[in-house]
Amino acid sequence: MGLREEIAKLKAELKRDQDPGKMSNIQSEIGQLMLQINVIREKAAEAEAIVKGITSDIQRLDVAKSNLTTTIQTLERWAMLKQAHQQLSQLLPTRRYKEISQALAAVMELLGPLKPLSSIPTVFHLFKAAENDRKTVQEKVAVEMDAFFRQDPNKPVDKRTISEVCLAVDVLGGDFRNHIIERYLQLQLAEYRRIFRATDEAGQLDNVPRRYAWFRRVLKHHDEEDAMLFPDSWQMTRLLVANFSECTRSDLANVLAKQAPAVSVLLDALQGTLDFESGMSRKFGMPFEEVTSLSLRGGTSKWVISSIFDKYLSVYVEAQDRAISDMLSAYRGLKSRSSLESAIQEETDAPAPTILPSSTELFYFYGQQLDQCEKYSKGETMKKLSQVFAKWLRIYADDVLLAGLKPVRKSLEGRDNLQELEERLKDKIDPKFREEISFQDQRETFSSVMSTCITAILRELETACEPAFAAILKTPWMHLENVSGRSAYVVDLVGSIKQVAEAVRGRVESKKYIRNFADKAVGVVITKFTQSVIKSRPLKKIGAEQILLDVQAVKACLLDLPEPHPENSTTIYTKYVTKNTGQLETMLKVILAPDDPPEELLSSYRGPFIHQFPKGRSEILDLKGTPRTDQQRLLDIFLSVTSTNSELTDTSFLTHIDMDPPASVDISRTVISPVGSSASLFSPTSGVAGLPSLLRSGSTDSTERSETPKAFGEFRRLVNFATRRDNITTMPH
């Protein structure tokens with residue numbers, strides 16, 4: 001269908017829809033619809049008017065019912081009030097306080113709802129009469145309680161009556177109840193205030209235990225005679241303790257403020273106070289500060305009596321300072337022994353305890369005072385005590401340990417126990433002071449002392465072995481004709497090493513520290529031995545064989561250092577000794593190789609050092625005693641063979657051989673670390689750390705020799721204080 005046809009169709013439809021007759025019908029229908037809507041609205045208005053008429057009647061009925069109910073309740077309360085008041089009036093002349101309290105409680109409860117009607121004359125008169133009756137009851141109760149408070153032996157008070165009187169006191173209101181309670185407390189503590197006045201002798205600090213003894217008697221009488229008379233809600237016993245504590249705290253504050261007390265008196269008073277607080281805490285099943293927080297004045301502040309002593313405990317800290325000073329005075333002036341031999345000689349005369357007395361006494365005393373201070377204070381006083389500990393640890397290290405350089409045991413144990421002491425202090429002290437507790441400086445001091453002590457021992461070892469090393473230099477190795485078993489100097493060398501090792505083992509309990517010493521001793525002995533061998537060049541073949549045999553004997557002795565039996569040595573320590581002696585053995589084996597033919601010497605040289613072939617080779621030839629005229633020829637052959645071998649490196653421990661070693665060994669530079677390179681055996685410039693760093697690095701046997709520090713308390717058990725006390729008692733001062 002075309003566009004024209006579609007337009008024509010739409011025009012026809014429009015003409016049909018706009019027919020005037022049809023539009024008239026539509027308008028007529030709309031008018032009828034509007035009429036129907038108006039009719040519905042009129043009927044709805046009529047229905048609403050009918051409903052309002054019905055509900056208004058119901059609302060009036062509801063209001064009438066509510067007013068009637070209120071009137072009935074008011075009349076009932078009025079009748080009950082009149083009846084209760086009448087009953088109360090009848091009971092007033094009697095002493096039936098339980099019934100009086102019940103009637104009075106009923107009257108007081110019924111007066112509240114009727115208060116809006118107090119303008120009515122009849123109600124007003126009843127209100128006034130009820131108030132007069134309440135005052136009468138209050139006066140009667142006051143008289144009864146006064147008679148109870150001031151009990152006349154000739155006129156015993158009926159306790160049952162007093163118990164009923166307390167019920168009436170509760171009804172009379174909180175203010176009157178607090179007045180009665182406060183009066184009872186004042187009367188109970190009146191004699192206490194009179195006897196223990198701060199200005200009298202009985203009120204002084206040395207009589208503090210008497211204060212608590214007196215109050216315990218009063219409290220016992222209260223519990224047995226009076227406590228059951230008062231309602232539980234009054235908490236009379238707890239209030240009695242709180243009031244006594246407040247009075248005592250005030251008195252002690254005045255006494256302490258007048259003059260500085262003696263330490264013993266102060267501590268006795270504080271201990272008595274702490275015992276009292278502890279006893280009251282157990283009695284009430286709550287912390288003492290909770291006991292004293294109860295107050296008639298409504299306060300909730302928490303406090304303890306013992307807190308008044310806190311700012312005066314500085315005299316206690318000063319006393320501990322003096323006590324430690326007196327304890328160490330016997331040791332601070334001791335002279336150091338001139339040598340290890342004198343120490344061993346003294347041991348033969350009088351065996352020394354494993355742990356030297358000064359170290360034991362110091363840490364035992366610290367433990368005791370820490371336990372004692374924990375009872376007295378965990379705050380500022382404990383912090384000050386830790387500062388005193390730190391002060392005397394520093395003095396102990398300087399004046400006792402460094403004075404002799406022999407008590408290695410004390411410095412070793414002291415360093416370990418410093419950490420334990422610090423942890424224990426942090427565990428006990430108030431958390432707000434915890435971050436201020438640190439013995440890091442003292443630990444560093446003890447580490448330094450330990451380094452110095454071990455350095456001194458190693459120097460003793462070097463001195464003891466010096467005659468044997470001098471014998472090596474005097475031996476004509478190049479003229480030896482045959483190998484004759486162990487050399488004479490080896491007997492002296494092994495004996496000296498064992499003598500020093502036994503002295504160390506006799507004074508040091510911990511295997512960790514014995515092993516630490518053994519590691520350092522291996523470095524010293526092998527270093528000196530190697531230097532002596534190098535100085536004795538040329539060695540020739542027989543000399544090298546003899547020295548190689550001697551090295552085996554020295555090696556066996558070194559394996560015996562940590563424990564008397566080498567088979568007990570750890571695998572790692574055995575490997576460590578083998579590594580250090582092995583380099584010297586390898587060097588001697590190269591010296592044993594013949595110079596002719598050169599290929600055999602080259603083969604023996606390359607075998608042990610296939611991956612570490614050195615650039616310099618004349619050192620070995622010098623040690624072998626190869627003539628200078630033959631050395632260049634051998635070096636040329638070495639160069640032609642090795643220059644094309646890319647597998648060989650130019651570094652080896654032989655590269656660092658010092659052909660002119662110093663006459664004396666610097667212990668702090670030649671003692672090698674157990675985990676370090678053995679190159680330091682041959683050159684002091686090979687990057688070996690000093691002794692302090694060696695001490696911090698520890699031993700190679702870290703997995704087998706690591707020890708978890710025991711608790712400070714275990715330290716006491718470890719040292720066997722019973723034996724220690726016997727030793728100290730017999731020790732001359």
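The values are calculated or read from the model by the stated rules, or taken from the named source; none is laboratory data. The structure presented is a predicted model; accordingly, all values stated were derived computationally and were not measured. Positions of Cβ are generated from backbone atoms using ideal geometry, with glycine treated the same way; all protein chains shown enter the neighbour counts.
See the values below:
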item: Residues that are surrounded by 14 or more Cβ atoms within 10 Å (Cβ to Cβ) and farther than 19 Å from residue 185 by Cβ, drawn from segment 291-306; result: 304, 306
item: Only one of 488, 544 that is over 29 Å from residue 453 (Cα atoms) and buried (at least 21 other Cβ atoms within 10 Å of the Cβ); result: 544
item: Test result for residue 246, among the acidic types (Asp, Glu) and either buried (at least 20 other Cβ atoms within 10 Å of the Cβ) or over 32 Å from the mean Cα position of the chain (by Cα) (or both); result: yes
item: Hey, residue 179 surrounded by 13 or more Cβ atoms within 10 Å (Cβ to Cβ) and over 30 Å from residue 312 (Cα atoms) or not; result: yes
item: Residue within segment 350-366 that is modelled with pLDDT under 85, within 19 Å of residue 434 (Cα to Cα) and not aliphatic (A, V, I, L, M) present; result: yes
item: Residue match in segment 77-99 (condition: over 60 Å from the mean Cα position of the chain (by Cα), loosely packed, with under 14 Cβ neighbours inside 10 Å, within 13 Å of residue 130 (Cα to Cα) and among the small types (Gly, Ala, Ser)); result: no
item: Pairs, first closer than 13 Å to residue 80 by Cα in segment 93-114, second among the basic types (Lys, Arg), C-beta under 8 Å, six or more apart; result: 104/134; 107/134; 108/134; 110/77; 113/77; 114/77
item: Qualifying residue in segment 524-539 (condition: of a type outside the set (Val, Ile, Thr) and under 24 Å from residue 570 (Cβ atoms)); result: yes
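Okay, residues lined up against (1) within 30 Å of residue 636 (Cβ to Cβ); (2) modelled with pLDDT of 75 or more:
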| site | (1), (2) |
| --- | --- |
| 510 | no, no |
| 532 | no, yes |
| 566 | no, no |
| 581 | no, yes |
| 591 | yes, yes |
| 606 | yes, no |
